[in-house]
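The next block holds one structure in the form of structure tokens; read it before the comments.
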Amino acid sequence: MPMDILLKEILSIQGVSGDEAKICRFLVEYVLQRSSSWKVTPKLYFGEKFHENIVLVFGKPRTVAFAHMDTVGFTVRYENQLVPVGGPELDESAFLIGEDAQGIIRCKAELRDGNIFHDFPRAIQRGTSLSFEQHIYEDDGFIEAAYLDNRIGVYNLLKLCETLEDGIIVFSTYEEHGGGAMPFLIKFIYENWGIRQALISDVTWVTDGVGFNKGVVVSMRDRYIPRKVYLNRILELADKSGIPYQLEVEAHGSSDGREIQLSPYPMDWCFIGAPEENAHSHREKVAYFDLECMIKMYQYLMCNL
Amino acid sequence: MPMDILLKEILSIQGVSGDEAKICRFLVEYVLQRSSSWKVTPKLYFGEKFHENIVLVFGKPRTVAFAHMDTVGFTVRYENQLVPVGGPELDESAFLIGEDAQGIIRCKAELRDGNIFHDFPRAIQRGTSLSFEQHIYEDDGFIEAAYLDNRIGVYNLLKLCETLEDGIIVFSTYEEHGGGAMPFLIKFIYENWGIRQALISDVTWVTDGVGFNKGVVVSMRDRYIPRKVYLNRILELADKSGIPYQLEVEAHGSSDGREIQLSPYPMDWCFIGAPEENAHSHREKVAYFDLECMIKMYQYLMCNL
Amino acid sequence: MPMDILLKEILSIQGVSGDEAKICRFLVEYVLQRSSSWKVTPKLYFGEKFHENIVLVFGKPRTVAFAHMDTVGFTVRYENQLVPVGGPELDESAFLIGEDAQGIIRCKAELRDGNIFHDFPRAIQRGTSLSFEQHIYEDDGFIEAAYLDNRIGVYNLLKLCETLEDGIIVFSTYEEHGGGAMPFLIKFIYENWGIRQALISDVTWVTDGVGFNKGVVVSMRDRYIPRKVYLNRILELADKSGIPYQLEVEAHGSSDGREIQLSPYPMDWCFIGAPEENAHSHREKVAYFDLECMIKMYQYLMCNL
């Protein structure tokens, strides 16, 4: 699986939580250009009433798949300080980039006395978003890059769009920093289409029970616990599909699934995604084989669930 | 008050958060068998659109009482590890039980280097739920058993059903692990019956201000604070009732009341329940006298509030 | 800006979270007496279905401004212990006041072995609310008093009422202790008037980037991050207004904006308020100049946003 130009494109666009306008615009334009060539042309919902979220409705949907488009990063504070957005892994060798009214910014950051400082030669405007400069490496069946969390999940759903007949695809915001877009999206989807089945298209961690090149991960729980009855249906289908997958059981971490769990709608959720190393760093790492399995599993489940 | 066969039955059924299908099925069957002999036969709501939650509507309801049916436990991870569900108190002498595709499981667990390991001689399937083996002891006016939290609260409401004329009874899920069922239930109840008064039927802790055999506990606050105006109305009625009760004021802990507090409906809530020792262990302890007072207080309040 | 009698009045009324009946009654009476002399007489919503919250609707609203009326304080526990409400700064020289069935209470409190004890000569009824005794000092352009958080925000909106043509003003409860009133208020406001623009009228902290007498603070983020697109519109207007303002970027702290962020409505929010020192103490300190700028900024933004 050589890297798709589309994956490269979405990896090149910044979108720190709360500041997703650029990646949103790219995705809307991509959908507008491509959707007429898809098996089914979806109805597209976006714009000010959706903030930077995007909803695509194909045919007669039974299941919704969510992928968040935002990434971790930093907000510029005072006195050359930076405040984290989400939980970025600070590596003093990594470059951070951004832009304020005075121009382009490229700098490094370091931790001193519990505060993070940038080394840009001039003051940067308060509130400016910075995130990792992108460098993509491909080697030996792996991709290493910033923002794989969660441009992998976004890419997976964009591939799914090409063949999807019935279902809803959502590109959401704010996942990395406290959430807040999902409650609106869940309400919109449940109230309009009565959807009670959800999948979370995102990346998870390589651990002692989850490894590279063993297939897509189906998570049985993280900090939150999906409903056993729903999980069992998914596992039955996953077995039937013949697609390689591995089971995850974690005590920590969470995803957009959390907000479905806490929503006032009887919507089930399950996290399904590729595992990665170096999460939230400028050099996240995913195996292409796992990504391929992820894409196939979503195609299978959206069709059969 | 000798132990009721019904209390014994519901104490014998497992129902770890997220995996409540069995206890849900028992409760539905119990209601279907018994409700025609109750003073008022309620309308029963359950099934896939309610997940494992159950709602009973009696007459013209003014007040809703909630009891969660789930318990703490463990999820099986990898390499013989267990991950907690809720906050179980691990006692290395306690047996844990469960079942996977290969059969019945009975094992002990111990904490080593910050991880919990089971000692079952074979690997257990990932994601399997385990919880305490049940042993019920009765002695000197006390009951000791696993799952008193919150089968005591469930039992209280099942007894209430026998004489209730107007009110809503809810058996809910997921309370021990992050919640998530309550938002849906509150919405359903408020939007259909406009209910603005709630009681939480659950167990609390023996502390320096709350003791055994002093009556049911009315909680003035825990981590969350119910509205004073509502609390005052309940205390006025509790005084009038003549039923022994004690007042609780805590900084920590919370209940399904938390989700009512945070819901988008102007619904008041108050926690009322028996105190217990050894919370979340395999040997929780409650005094029958306090349980009797709890049952009487719910009968009084559901009638007079 | 000499102290307004109105500010003095609302500073003299207690309203610990959950126990806001008195301050609510004062505000309702004030509105009923004054609103006919305002530029536009608003429609007033309050009463049992609103708990202690108050909503005023002026003309054709596009934007809503929220100010919480509750304050930090303490709940009386057992054995002369106190439990905090919100995060009050305990100063052993400060007097706490309250009232129970036996009469007026005035005492001090001290921290011993991690617990807070009052020194009142008799037991105080469980569940009684205590809060700081009020002493107002004016000096050199500053006001020092208890409850400036958030009677400053309430005062700001009461002044705004006098000239407001189109907009919604909300006085809310429970902000200092876990929230829970906002979800209902947001739902009410969005579903009835479709409002998607919100301002949070509250006080923030003096820090290394935010100082006294530099104007009202527009917060670019705290623990939660408002949407950049909305923030940019506000900053553009703030620039145009000519009113002195300063920009805040914090990693911690939050406001009623948090609950808008997490609500299921596409409503934007931005925190705008005066900075203070000695937050949550009996001697909070605010500069009149910053308060003046706050009042002017709200008048400008509610008109132009």
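The values are calculated or read from the model by the stated rules, or taken from the named source; none is laboratory data. Values in this document were obtained by computation on a predicted structure and should not be read as measured data. A quick note on method: Cβ atoms are made from the backbone with ideal geometry, for glycine too, and the neighbour counts reach across all protein chains shown. In case anyone asks, the SASA skips ligands and DNA or RNA and just uses the protein heavy atoms, side chains included. Shrake-Rupley method; radii C 1.70, N 1.55, O 1.52, S 1.80 Å.
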Practice item. For segment C:183-202, indicate whether the set of residues that are without any contact (Cβ under 8 Å) to a residue 60 or more places away in the chain and part of a loop (DSSP other than H, G, I, E, B) is non-empty. Key: yes
Worksheet item: Within the bounds of segment B:160-169, is there any residue that is outside the structural domain of B:F212 (by TED's automatic domain parsing) and either open to solvent by less than 10 Å² (accessible area, probe 1.4 Å) or in a strand (DSSP E or B) (or both)?
Response: no
Those residues of segment B:77-95 which are at the interface with another protein chain (Cβ under 8 Å from one of its Cβ atoms), surrounded by fewer than 20 Cβ atoms within 10 Å (Cβ to Cβ) and in a loop (DSSP other than H, G, I, E, B) amount to B:Y78, B:E79
When (1) within 11 Å of chain C (Cβ to nearest Cβ); (2) within 16 Å of the chain's Cα centre (by Cα) are applied to B:L148, the one that fails is (1)
For A:D4, the lone unmet condition from (1) in contact (Cβ under 8 Å) with a residue 40 or more places away in the chain; (2) away from chain C (no Cβ under 14 Å); (3) closer than 27 Å to A:H282 by Cα; (4) surrounded by 14 or more Cβ atoms within 10 Å (Cβ to Cβ) is (4)
Next on the checklist: Being within 25 Å of B:S254 (Cβ to Cβ), touching a residue at least 40 places away in the same chain (Cβ under 8 Å) and either surrounded by fewer than 17 Cβ atoms within 10 Å (Cβ to Cβ) or touching a helix residue (DSSP H, G or I) at 6+ places or on another chain (Cβ under 8 Å) (or both): is that true of B:F74 here?
Outcome noted: no
**OP:** Could you tell me whether segment B:187-200 includes any residue that is more than 10 Å from chain C (Cβ to nearest Cβ), within 18 Å of B:E176 (Cα to Cα) and out of contact with any Asp or Glu (no Cβ under 9 Å at 6 or more places or on another chain)?
**Re:** yes
Notebook entry, point to check: Any residue in segment A:201-210 that is more than 9 Å from chain B (Cβ to nearest Cβ), more than 16 Å from the chain's Cα centre (by Cα) and under 14 Å from B:G18 (Cα atoms)?
Noted result: no
Restricted to segment A:249-261 and to residues being under 13 Å from A:T207 (Cα atoms) and more than 8 Å from chain B (Cβ to nearest Cβ), the residue farthest from the chain's Cα centre (by Cα) is A:H252
All conditions in (1) within 14 Å of chain C (Cβ to nearest Cβ); (2) in contact with a strand residue (DSSP E or B) (Cβ under 6 Å, 6 or more places away or on another chain); (3) closer than 26 Å to C:G194 by Cβ; (4) open to solvent by less than 10 Å² (accessible area, probe 1.4 Å) are true of A:Y45 except (4)
Residues of segment B:16-42 being of a type in the set (D, E, K, R), crowded, with 16+ Cβ neighbours inside 10 Å and in a helix (DSSP H, G or I), in sequence order, are none
Pairing a residue in segment C:99-111 that is more than 10 Å from C:Q125 (Cβ to Cβ) with any residue that is among the hydroxyl-bearing types (S, T, Y), where Cβ atoms lie under 8 Å and the two sit 6 or more apart in sequence or on different chains, gives C:K108/C:S93
Flagged in segment C:146-165 as farther than 17 Å from C:I13 by Cβ and aliphatic (A, V, I, L, M), in numbering order, are C:L160, C:L164
Open item on the list: On the basis of being in the same structural domain as C:L291 (by TED's automatic domain parsing) and in contact with a Lys or Arg (Cβ under 9 Å, 6 or more places away or on another chain), does C:G15 make the cut?
Closed with: yes
Considering residues that are hydroxyl-bearing (S, T, Y) and surrounded by fewer than 18 Cβ atoms within 10 Å (Cβ to Cβ), the number found within segment A:102-149 is 1
Mind checking whether some residue in segment A:49-71 is open to solvent by 30 Å² or more (accessible area, probe 1.4 Å), within 14 Å of another protein chain (Cβ to nearest Cβ), farther than 22 Å from C:R196 by Cα and charged (D, E, K, R)?
yes
Conditions (1) open to solvent by less than 10 Å² (accessible area, probe 1.4 Å); (2) in contact (Cβ under 8 Å) with a residue 40 or more places away in the chain; (3) in a strand (DSSP E or B) -> A:I152 fails only (3)
Query raised in the report: Is there a residue in segment B:166-179 that is within 14 Å of another protein chain (Cβ to nearest Cβ), among the charged types (D, E, K, R) and over 14 Å from the mean Cα position of the chain (by Cα)?
Result: no
